[in-house]
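Structure first, commentary second.
The values are calculated or read from the model by the stated rules, or taken from the named source; none is laboratory data. Model, not experiment: these values are computed from the prediction. Cβ atoms come from the backbone with ideal geometry, glycine included; neighbour counts cover every protein chain shown.
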Protein chains: 2
Amino acid sequence: MLRGKQTWWFENRPVIIGTGTVVGPDEGAGPLAADFDLVHAELDLNQKSWEKAERLLLEQASDFAIKNAGIRKDQVQFYIGGDLLNQLISNSFTARDLGLPYIGVFGACSTSMQSLALAAHLVNSGTAEYAMAGTCSHNCTAEKQFRYPTEYGSQKPPTAQYTVTGAGAAVVAASGSGPVITCATIGKIVDLGISDPFNMGAAMAPAAVDTIQTHFNDTGRMPADYDVIVTGDLATVGHRIAVDLFARDGVPMQDTVFSDCGLMIYDIERQKVQAGGSGCACSAVVAYGHLLKRLQRGELKRILVVATGALLSPLSYQQGETIPCIAHAVAIERGDA
Amino acid sequence: MLRGKQTWWFENRPVIIGTGTVVGPDEGAGPLAADFDLVHAELDLNQKSWEKAERLLLEQASDFAIKNAGIRKDQVQFYIGGDLLNQLISNSFTARDLGLPYIGVFGACSTSMQSLALAAHLVNSGTAEYAMAGTCSHNCTAEKQFRYPTEYGSQKPPTAQYTVTGAGAAVVAASGSGPVITCATIGKIVDLGISDPFNMGAAMAPAAVDTIQTHFNDTGRMPADYDVIVTGDLATVGHRIAVDLFARDGVPMQDTVFSDCGLMIYDIERQKVQAGGSGCACSAVVAYGHLLKRLQRGELKRILVVATGALLSPLSYQQGETIPCIAHAVAIERGDA
């Protein structure tokens, strides 16, 4: 078998037997609302802090994933998760309440596919029969940590993105019914020198393109081998850059195949979300809620989800550093394909 | 084979073929100084910020690990690392400069063994021929992020710990000469309600005991099966609590076997380090620098390194939350054992 250097092959065909997706009101007002397990009407979920609201999103998504998988919580051997908050507190507290062995990971918004790839690796190798991947983000926790306090009402440029309020979790199993994870390509850090925290899409686009091109090189696949190739959260600005980079390199990436979760989750024209969605939950809820349902309905046969992460640190930004970016890709096929 | 639920077995015997350890002046004044690859005389490494100094420690430790492994940098297929700084900036920038596929992980001070376990898993399963694990911490970056600005000169209680300035990296290979990683036990979050960021050892001790007991249950091993069992950074207060918990549970843990890296790295009586060492680098440099050299010299045959992490968030602490803790254990044997 062609075995590329950055790509993990899952010959034993680990299966996503259940997912859970929970979102906030803005995502519930978007075009994919019907695909999520739960839509909250209140941004604060009636919690005392935004952080407690974010944690509740993840706890609920995890519960849905386990319930939809049709297994007991204690059958999940390892929980792999991360989020945008310092010290990954949404995940630490969720893992505490789940009571499961926990592997904390951080790839900013690439965390969704990073954790899914690791869960698939543990299951594929026989280390676990069931492993769960999860991630979450909240618009207001991200704004206050990375930019300005929400109460400040700071205006934003049109290149800014709107952090998705939501959480997604997936249970991966050695056998069962559901979409199959066939391989994953682990990205390298790509940093072309962008330091503007209000233009993350532009910073992340080259990392997404690098991982996708590496995926094609490693696997011998081409864009036409996928029904859908989605990046995580490049949004309008970053997506256009990625399209241009593929065109420059002569990669035949069709508009009908190549999209971005940050463009899909909101009605960009109608909703006030600047360039589009972002955040750990963006690719997680679009992939686990929307795309996997399309695979299961038979509308898609094979997809590539390329979660994109801007490893932005307010501190290193203040010290004049640029934003290192990364993207991890996971290939998922219809179970009966 | 007895296959416990939380323990990963590495039947293909991945080997640690090279390590790198770099420390600051206080660690260089401690009893293990001769075991490190490089001791810096200046706490700031002549860098413009503490963060840049921490990053340089990790870059140097990675370079030493690759050089000591006798391989080229581009032979390392995956770099797995994390640190204490928000968004793991020391690792993001080091991974950028290394140019290697990167998996960011966060387990606070348990990151050393979390990353080593994952590297061993990738190599054991045949996914990688070479994988590198790395972590770092710096006394002044940790103090300013988690407690008070260093310039403030805040006094500390005797239960406080002294964050190790240093970095450790290890190259794991499918074959070669060096200590062998035989299994790893992934911990659960344990949180007994301690919320004092100046008493992390007490918070972490129950997590360490939980993981060690689980390791014994999963593997059928006993304390006597190890020449050394070290926790990562419980220091004086936490170590005493762990000893008491084992005694309560009737676990025959000998003083000559059971120790703590935070007690080993400094001369606690002579150096002003309060209860002892802590930080991601504490267990990394003691394990990779000191203990692996003792294995290779034939003084030890089999060790268990139990890195302990307090997933302390200043924000969740301010919101009244307690400190979730975790510990991950990795068993390492002499290569010819």
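Quick notes on this one:
- Residue identified as more than 9 Å from chain A (Cβ to nearest Cβ), farther than 29 Å from A:Q145 by Cα and in contact with a Leu (Cβ under 8 Å, 6 or more places away or on another chain) among B:V15, B:V39, B:V22: B:V22
- Flag if B:A33 is aliphatic (A, V, I, L, M) and either more than 14 Å from every other protein chain (Cβ to nearest Cβ) or closer than 18 Å to B:G262 by Cα (or both): yes
- Taking first residues from region A:107-124 that are assigned to a helix (DSSP H, G or I) and partners that are among the polar types (S, T, N, Q) and surrounded by 24 or more Cβ atoms within 10 Å (Cβ to Cβ), the Cβ contacts under 8 Å between residues at least 6 apart in sequence or on separate chains come to A:T111/A:T135; A:S112/A:T135; A:S112/A:S283; A:M113/A:S283; A:S115/A:T135.
- Residue count for region A:140-185 under the criterion of being within 30 Å of A:E11 (Cα to Cα) and either within 14 Å of chain B (Cβ to nearest Cβ) or surrounded by 15 or more Cβ atoms within 10 Å (Cβ to Cβ) (or both): the result is 17.
- Checked against the criterion of being over 27 Å from B:Q271 (Cα atoms) and either crowded, with 21+ Cβ neighbours inside 10 Å or not assigned by the TED database to the domain that holds B:L88 (or both), the candidates B:G70, B:G18 yield just one match: B:G18.
- Qualifying residue in region A:301-320 (condition: more than 16 Å from A:Y226 (Cα to Cα), of a type in the set (D, E, K, R) and not assigned by the TED database to the domain that holds A:W8): no
- Qualifying residue in region A:257-273 (condition: of a type outside the set (G, A, S) and over 29 Å from A:T141 (Cα atoms)): yes
- Among all positions in region B:126-144, there is no residue which is modelled with pLDDT under 95, more than 19 Å from the chain's Cα centre (by Cα), over 30 Å from A:G126 (Cβ atoms) and acidic (D, E).
- Considering region B:186-206, and only residues there that are within 14 Å of B:A235 (Cα to Cα) and buried (at least 24 other Cβ atoms within 10 Å of the Cβ), the residue that is farthest from the other protein chains (Cβ to nearest Cβ) turns out to be B:G201.
- Residue count for region B:88-118, restricted to those that are at the interface with chain A (Cβ under 7 Å from one of its Cβ atoms), surrounded by 24 or more Cβ atoms within 10 Å (Cβ to Cβ) and not aliphatic (A, V, I, L, M): 8
- In region A:240-250, the count of residues that are surrounded by 15 or more Cβ atoms within 10 Å (Cβ to Cβ) and within 21 Å of A:L295 (Cα to Cα) is zero.
- When residues in region A:242-299 are screened for being aliphatic (A, V, I, L, M) and not in a helix (DSSP H, G or I), 7 of them pass.
- Qualifying residue in region B:210-223 (condition: touching a strand residue (DSSP E or B) at 6+ places or on another chain (Cβ under 9 Å), aliphatic (A, V, I, L, M), part of a helix (DSSP H, G or I) and within 26 Å of B:L295 (Cα to Cα)): yes
- Region A:305-325 residues that are at the interface with chain B (Cβ under 9 Å from one of its Cβ atoms), paired with ones that are aromatic (F, W, Y) (beta carbon under 7 Å, 6 or more apart): A:L312/A:F146; A:P314/A:F146; A:P324/B:F93
- Look at (1) under 19 Å from B:D37 (Cα atoms); (2) within 13 Å of chain A (Cβ to nearest Cβ) and you find that B:T127 fails only one, number (1).
- Test: residue in region A:60-70 that is under 18 Å from the mean Cα position of the chain (by Cα), assigned to a strand (DSSP E or B) and at negative phi: no
- Of all residues making up region B:1-42, the number that are in a loop (DSSP other than H, G, I, E, B), among the charged types (D, E, K, R) and modelled with pLDDT of 95 or more: 4
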